[in-house]
Amino acid sequence: MRIDPWGSSQYQDYARLRDEFGIEPFTEDHLEGFPDPPALLRRGVVFGHRGFGLVRDAVRGGDPWGVMTGLMPSGRMHFGHKMVIDQVIYYQQKCGADVHIGIADFEAYATRGLSIEKARKLAIEEYVKTYLALGLTPDKGEIYFQTTRSRVKDLAYEAGLKVNLSEMRAIYGFDDSTSLAHINAPLIQAGDILHIQREEFGGPRPTLVPVGVDQDPHIRLTRGIAQSLRLYSVKKTEDGRHGVFLKTGDAWKDKEKALLDAAEATLKKLGFADLERNDPYRAIYVKGASSRDLTQIDLALAKTEPRRGGHGFVPPSSSYHRFLTGLDGGKMSSSRENSAIFLSDDLEDAKKKIGRAKTGGRQSAEEQRRLGADPDACSIYEMYLYHLMDSDQELLEYYKGCKSGELLCGQCKGRAKDLIEVKLGGLQERKAAVTDAEIKEVLSED
């Protein structure tokens, strides 16, 4: 399998995706300590992760952590896009995360041919206003443009020193016809994700990037780059020992002793007294440490690296949500009007789309009453599951009613129309009330 961040593939076999790409299952255990988890998290819509344990530990301990996400302004915002920002706002409001949202105007230009000016206007009108209407606040939150944040571009250039063309081809499937601007776009995204760990944005700390699984190539690339830019490596060796190792090159030769001294002091401060230091091998072995201890050690050392001339980037964590099926049964897409309910749709048009939507129903009402229907193949049930129905008990009743044949598709669509009028209508009212002052407060120009 290949995952294409810019393609139109509709993924169905999420278990296979997890197995082939090393994505870990997301379970109820990962939500322990999270207050009032939203539907997307508690109903299994978020199905996988990389490194989410760091985020969980930060939430449980009340420690600083951040959320990074982005948007590419290439079309109107629909309910499929809403999944990410719902998670982001939950983490900001309920879990103490600082939030950073990058507007990928460079990527829109490089991969979609959209002018920077048009991308900026579309981003503000279609996305930024919607984010504010959904509850994003400037308190511990910011939105910025890739093209105006020089720190992102500088970091992308540095990240490029750690990646070769062969690796980019292996991850993304680039060929000889791919433009250099397109090849550079993933490095800009890596800069987006990592730069929020710079000192001016809070320093090294756990960060989460909630995405659809189609964005996993960017996560894998960025996690590798983060490790490559570290001064220290914390790992278990082949002979079973746990240790801290310097990763620096010749340019750091005269600083090696100071770096080992700093690492030794950090280890002792953490309570690890039984150490074996080997300066020629640029290593400190930690006796009695467990694999879980390595995570704590790595995070502590990361926080010291900026004072020593490094970045200290903690590999970003990620979570992956399932895609919302289009109302016509295909992939929900901004380029296919009837596949999605857009957040700017007229309410009557939205209701008409619900009326035409593909369901898991039978050919006739009589057959459905006798044999039941299939909610797992129904785009309306997915809308309930992901967005429209807040009550888990009501959702279960609709599921059972559909399976048994007691509930017919017309009844189900009628309920969906009522809910879309309330939820979409309320969102549109709040969006219309967003002021220029509110936009200015959350939008960073540097």
Item to complete: Report the semi-axes of the equivalent ellipsoid for segment 36-158 in whole Å, largest first, where each axis is √(5λ) for an eigenvalue λ of the Cα gyration tensor.
Response: 26, 18, 14
Worksheet item: Which of GLN189, GLN93, GLN363 moves the most in a Gaussian network model of the chain with Cα springs under 10 Å?
Response: GLN363
Discussion item. Please report the projected area of segment 295-446's Cα convex hull averaged over all directions, in nm².
Written reply: 14.5
Worksheet, complete the sentence: Checked against the positive end of the charge dipole of the chain (+1 on Cβ of Lys and Arg, -1 on Cβ of Asp and Glu, about the Cα centre), the farthest of LEU194, PRO315, ALA350 is PRO315
Discussion item. For LYS353, give me every one of the lysines with a C-alpha distance below 29 angstrom, ignoring sequence neighbours fewer than eight places off in its own chain.
Written reply: LYS82, LYS118, LYS121, LYS129, LYS331, LYS400, LYS403, LYS413, LYS417, LYS423, LYS431
Practice prompt. Work out the length of the dipole vector of segment 337-432 about its Cα centre, built from +1 on the beta-carbon of each Lys and Arg and -1 on the beta-carbon of each Asp and Glu, and round it to the nearest 20 debye.
Written response: 220
Practice prompt. Working from Cα positions, state the angle (0 to 90°, nearest 10) between the long axis of helix 409-432 and the longest principal axis of the chain.
Written response: 60
Worksheet entry | the chain: angle of helix 79-95 to the longest principal axis, Cα-based, in degrees nearest 10 | 50
Response to the item:
Cα-based Rg and Dmax for segment 232-308, in Å, come out at 11.6, 33
Response to the item:
To the nearest 20 debye, the chain has a Cα-centred charge dipole, built from +1 on Lys and Arg Cβ and -1 on Asp and Glu Cβ, of 380
Worksheet item: Which percentage, to the nearest 5, of the DSSP beta bridges contained in the chain is antiparallel?
Response: 50
Worksheet item: With a 10 Å Cβ neighbour count serving as the proxy for reagent exposure, in which order, fewest first, do LYS247, LYS257 appear?
Response: LYS257, LYS247
Fill in: Burial ordering of ARG292, ARG56, fewest other beta-carbon atoms within 10 Å first
ARG292, ARG56
Fill in: Surrounding net charge for THR237, when Lys and Arg each add one and Asp and Glu each subtract one, Cβ distance under 14 Å
+2
Response to the item:
Charge tally for neighbours of PRO306 with beta carbon under 13 Å away, counting Lys, Arg as +1 and Asp, Glu as -1, is +3
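Within 10 Å of each residue's Cβ, count the other Cβ atoms and sort THR207, THR237, THR304 from fewest upward.
Going from least to most buried by this count: THR237, THR304, THR207.
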Discussion item. Around THR148, under 10 Å between beta carbons, what's the net of Lys plus Arg minus Asp minus Glu among the other residues?
Written reply: 0
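At 4 °C and a viscosity of 1.567 mPa s, what translational diffusion coefficient does Stokes-Einstein give for the chain, taking Rh as the Kirkwood radius over Cα pairs? Give it in µm²/s as a whole number. Please list the in-between numbers first.
Values: Rh = 23.7 Å.
Once the numbers are plugged in, D ends up at 55 µm²/s.
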Worksheet item: Using θ = phi - 60° and the Karplus form 6.51 cos²θ - 1.76 cosθ + 1.60, what ³J(HN,Hα) does each residue of segment 399-407 get, whole Hz, x for Gly and Pro?
Response: 4, 5, x, 5, 4, 7, x, 5, 10
Worksheet item: Relative contact order for the chain: what is it in percent, counting Cα pairs under 8 Å that are at least 6 residues apart?
Response: 19
Worksheet item: Working from the pairwise distances between different alpha carbons, so that the mean of 1/r is found and then inverted, what is segment 267-382's Kirkwood radius in Å?
Response: 20.1
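With the cut-off at 1.5 for a/c, could you classify segment 92-226 from its C-alpha gyration tensor as rounded, prolate or oblate? Display every interim value, and only then the final one.
Working: a/c = 1.90, a/b = 1.32, b/c = 1.44.
Oblate.
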Practice prompt. Relative to the longest principal axis of the C-alpha atoms of the chain, give the angle of the C-alpha long axis of helix 347-356, reported between 0 and 90° and rounded to the nearest 10°.
Written response: 80
Worksheet item: Which residue, chosen from ALA300, PHE272, TYR285, occupies the Cα position most advanced towards the positive end of the dipole of segment 232-308, where the dipole is computed from +1 (Lys, Arg) and -1 (Asp, Glu) charges on Cβ about the Cα centre?
Response: ALA300
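No lab work stands behind these numbers, since they all come straight from the coordinates. The model shown is predicted, which means the values in this text are computed figures rather than measured ones. Cβ sites come from the backbone with ideal geometry, for glycine too, and all protein chains shown count toward neighbours.
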